[in-house]
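The values are calculated or read from the model by the stated rules, or taken from the named source; none is laboratory data. Since this is a predicted model, take the numbers as computed values, not measurements. Positions of Cβ are generated from backbone atoms using ideal geometry, with glycine treated the same way; all protein chains shown enter the neighbour counts. Only protein heavy atoms, including side chains, enter the accessible area calculation; ligands, DNA and RNA are left aside. Shrake-Rupley method; radii C 1.70, N 1.55, O 1.52, S 1.80 Å.
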Amino acid sequence: MEWSRVGRLGGQRVSTGILRSASLAGFFRELRRAGKRIGEAQARALMSAFYFVVLGPVFFVGIRRRDPLDLNSVAPPAWREVHYRCAADHKHQQY
Amino acid sequence: MYTLGVSCFFHDSAAALLRDGELIAAAEEERFSRKKHDFEFPERAIAFCLRQAGITGKEIDHAIFFEKPFLKFERILTTSVAEFPAARRVFREAMLTWLKDKLWIKSLLIHHLGVSSDRVMFSEHHLSHAASAFLASPFEDAAILTVDGVGEWATATFGEGHGTDIRILGEIKFPHSLGLLYSAFTAFLGFEVNDGEYKVMGMAPFGTPRYTDKVRKLICVGEDGSFRLDMSYFSFHHSSTDTYSQKFVELFGAPRPPEMPFFTETTGFPSYFGERPADFAKQARRNQHYADIAASIQAVIEEVLVLMARGVQRRTGLKNLCMAGGVALNSVANAKILRQAGFDRLFIQPAAGDGGGALGAALWGWHSVLGNPRKFQMSHAYWGDEHSEAATVDYLRSVGMPFRVVNSNDVLLDTTVDALAHGAVVGWFQGRFEWGPRALGNRSILADPRRAEMKEIVNTKIKFREPFRPFAPSVLAERAAELFDDRVSAQEPTKFMLMVAEVKPAAAARIPAVTHVDGTGRLQTVSESSNALYHGLISRFERASGVPVVLNTSFNLRGEPIVNSPAEALSTFVRSDMDMLVLGNVIVEKERHRACSR
Ligand SMILES: [Fe+2]
């Protein structure tokens with residue numbers, strides 16, 4: 001595998017070439033991995049910020065009193081009625 | 001006309017393909033990717049379906065996803081906000097996967113298959129479950145009950161099916177979920193959620209349901225089977241790693257460590273666990289406590305399911321019931337529903353969990369959207385991939401494994417029966433693999449059910465299995481009533497090993513290896529029309545042994561998906577102590593077994 005890489009790079013089939021290409025490939029692989037890790041860390045930080053800055057106020061303003069998960073209800077449990085949706089009407093809808 | 005159903009991004013991803021409304025291929029991705037419960041986009045399963053039909057993705061007329069992704073996304077957002085700030089990690093991790101893949105399923109299908117956007121449709125999660133059961137059933141009219149962990153918002157629904165029309169009438173919404181309640185106990189008892197639920201069911205008969213009152217503190221149940229969980233005992237609604245809360249632990253005590261070997265005074269200490277510990281009695285008592293908890297949650301789940309089914313029967317007045325969703329894989333509860341809920345007949349298709357959503361989506365598209373009449377019934381489960389004799393022989397040659405090819409079915413069956421009757425454990429690999437999580441005689445490990453010691457032998461040879469691992473009796477359909485509860489054994493789901501039946505007292509002594517500690521068996525009825533070769537094998541085994549039953553367990557090692565290819569079968573064979581492997585008409589034997597059978 002390393003030989004063909006050297007070939008594609010136009011290098012000589014010599015051990016130094018293999019080492020160079022292997023270490024280069026390894027370097028780029030590590031670089032990609034590091035980039036991915038940094039990207040994911042940034043995304044996580046961004047999502048956490050979004051959670052506290054945007055969704056936090058939504059919680060305090062609206063959701064808290066509405067109890068959308070039915071966590072505090074004292075009424076006896078009951079099946080929720082489901083309204084009929086014609087299959088042809090919602091077949092392309094993703095919601 | 002080709003209709004492709006796809007399910008993915010939750011538990012078990014799968015694809016199912018209909019040609020003019022008839023199922024021609026269905027498989028879960030894990031069989032190809034070799035990742036248990038693989039939930040990624042099922043590209044290999046789709047490729048298999050297309051290969052089976054001899055078409056390309058562009059020739060698919062309709063591609064149908066099994067749920068509505070935006071509705072599910074809304075549930076995750078709402079839950080994250082409602083559980084502020086505890087759900088911050090769930091939100092963060094969910095957003096990474098949703099923004100990367102899950103929201104773009106439509107584009108994924110369009111690009112992967114090469115179809116235009118107007119040919120992509122979206123069913124609903126529980127509607128797909130309902131369709132997978134009702135539209136594959138033999139019933140023209142039936143009540144439908146679907147119960148699982150969670151779909152978009154619903155965790156359980158009931159409704160009716162008439163002809164090609166399915167109407168969902170009522171639902172229970174997240175986080176109140178019977179499936180997630182069972183999963184919380186699965187985690188508490190040291191098993192993996194979405195994988196070890198059947199182990200809880202298997203462990204339950206070793207215990208006494210002495211904690212049902214405590215379990216009832218977690219769930220408030222109405223007379224019609226509707227229910228609400230006391231969420232203070234759970235954390236699955238705001239945590240991606242924990243399912244139960246500290247309050248749960250205060251109620252039931254410390255959770256069972258996953259690595260703790262399971263044994264009680266009843267099971268004894270299995271030899272394959274190694275040397276009997278000095279504190280056997282103490283450890284057995286500790287395990288007994290966990291078995292009692294398993295028995296208690298199983299008892300409560302059965303109670304609630306029977307109430308639900310009874311309520312649905314009263315409301316619909318129908319005598320047939322179709323069930324689906326992961327909870328419908330609870331074969332003990334299914335038998336109770338049949339006996340106590342007022343239905344005459346039950347139908348559950350073999351992939352009752354989320355994998356089956358692919359089939360349901362395809363059937364929903366074909367019948368409910370396109371309005372085509374019904375002509376398909378799921379009468380067997382063999383919809384997966386198969387491998388030719390030439391490919392098997394080539395593979396065995398390439399790895400230098402000695403084998404022999406048998407050119408007559410008579411010789412093949414006689415050789416296998418002879419090995420079984422002499423106590424051999426046989427890997428039985430035939431035709432197309434099964435749809436759903438059960439091995440039903442095409443990817444099975446077989447043994448003699450008459451030998452009580454066979455449970456331990458199989459557990460020893462097929463390493464690392466717990467003593468409560470179920471060993472199922474595969475029984476000739478026409479003889480099932482002689483050995484098992486007549487009413488249960490006559491039901492369709494027994495074809496797919498989805499109901500547990502009492503073993504008749506006179507029969508229990510004849511088939512001890514497949515009789516569970518509580519005197520039941522999770523039987524599979526085998527008819528000639530559904531699997532002629534397997535039926536032939538059991539018939540010959542009866543002639544040799546006097547019992548129309550073989551012991552059947554899935555062809556895999558612990559933690560691995562059931563085998564798909566001859567290479568995987570051989571790898572499992574080599575890594576275990578199985579004596580003989582039958583790959584179609586090709587027989588491979590271990591050295592010592594060859595020497596003994598000479
Ligand atoms: Fe589901």
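Structure notes:
- Residues in the range A:41-69 that are within 7 Å of chain B (Cβ to nearest Cβ) and not hydrophobic (A, V, I, L, M, F, W, C) were compared, and the one that is farthest from residue B:120 (Cα to Cα) is A:56.
- Some residue of the range B:367-381 being in a helix (DSSP H, G or I), within 26 Å of the chain's Cα centre (by Cα) and away from the ligand (no atom under 16 Å from the Cβ): yes
- Test: residue in the range B:213-227 that is of a type in the set (Asp, Glu) and more than 14 Å from chain A (Cβ to nearest Cβ): yes
- Residue match in the range B:382-395 (condition: without any contact (Cβ under 8 Å) to a residue 60 or more places away in the chain and either within 16 Å of the ligand (Cβ to nearest atom) or not in a loop (DSSP other than H, G, I, E, B) (or both)): yes
- Residues of the range B:242-279 that are in a helix (DSSP H, G or I) and among the aromatic types (Phe, Trp, Tyr): B:248, B:252, B:272, B:273.
- Some residue of the range B:91-102 being of a type outside the set (Val, Ile, Thr) and in contact with a Gly (Cβ under 7 Å, 6 or more places away or on another chain): no
- Enumeration of residues in the range B:240-294 that are touching a residue at least 40 places away in the same chain (Cβ under 8 Å) and within 14 Å of chain A (Cβ to nearest Cβ): B:240
- Among the residues of the range B:333-352, just one is touching a Leu at 6+ places or on another chain (Cβ under 6 Å) and within 12 Å of the ligand (Cβ to nearest atom), namely B:352.
- Residues in the range B:106-138 that are within 16 Å of the ligand (Cβ to nearest atom) and not small (Gly, Ala, Ser): B:122, B:124, B:125, B:126, B:127, B:129, B:134.
- In the range B:1-14, residue nearest to the other protein chains (Cβ to nearest Cβ) [restricted to those that are open to solvent by less than 10 Å² (accessible area, probe 1.4 Å) and more than 16 Å from the ligand (Cβ to nearest atom)]: B:3
- Only helices (runs of 4 or more DSSP H) whose full extent lies in the range B:96-192 are considered here, and the ones with at least 3 residues that are away from chain A (no Cβ under 13 Å) and open to solvent by less than 10 Å² (accessible area, probe 1.4 Å) are B:125-134, B:178-188.
Rundown of residues vs (1) open to solvent by 10 Å² or more (accessible area, probe 1.4 Å); (2) under 30 Å from residue A:93 (Cα atoms); (3) within 16 Å of the ligand (Cβ to nearest atom), yes/no style:
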{"residue": "B:359", "(1), (2), (3)": "no, yes, yes"}
{"residue": "B:364", "(1), (2), (3)": "no, yes, yes"}
{"residue": "B:408", "(1), (2), (3)": "yes, no, no"}
{"residue": "B:443", "(1), (2), (3)": "no, no, no"}
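- Selection status of residue B:157, within 16 Å of the ligand (Cβ to nearest atom), of a type in the set (Val, Ile, Thr) and free of Cβ contacts under 8 Å to residues at least 40 places away in the same chain: yes
- Residues located in the range B:139-152, provided they are within 16 Å of the ligand (Cβ to nearest atom), farther than 15 Å from residue B:329 by Cβ and either β-branched (Val, Ile, Thr) or touching a Ser or Thr at 6+ places or on another chain (Cβ under 9 Å) (or both): B:144, B:150, B:151
- Residue in the range B:44-57 that is farther than 30 Å from residue B:180 by Cβ and of a type in the set (S, T, N, Q) present: yes
- Picking from residues in the range B:201-231 that are touching a residue at least 60 places away in the same chain (Cβ under 8 Å) and of a type in the set (Lys, Arg), the one that is most open to solvent (accessible area, probe 1.4 Å) is B:210.
- Subset of the range B:15-60 [over 16 Å from the mean Cα position of the chain (by Cα), farther than 20 Å from residue B:363 by Cα and within 16 Å of the ligand (Cβ to nearest atom)]: none
- When residue B:248 is tested against (1) under 27 Å from the mean Cα position of the chain (by Cα); (2) at pLDDT 95 or above; (3) crowded, with 17+ Cβ neighbours inside 10 Å, only condition (1) is not met.
- Residue check: residue B:289 meets all listed conditions (1) more than 26 Å from the chain's Cα centre (by Cα); (2) at pLDDT below 95; (3) open to solvent by 30 Å² or more (accessible area, probe 1.4 Å) but one, namely (2).
- Restricted to the range B:307-332, and to residues there that are open to solvent by less than 10 Å² (accessible area, probe 1.4 Å) and among the aliphatic types (A, V, I, L, M), the residue that is nearest to the ligand (Cβ to nearest atom) is B:324.
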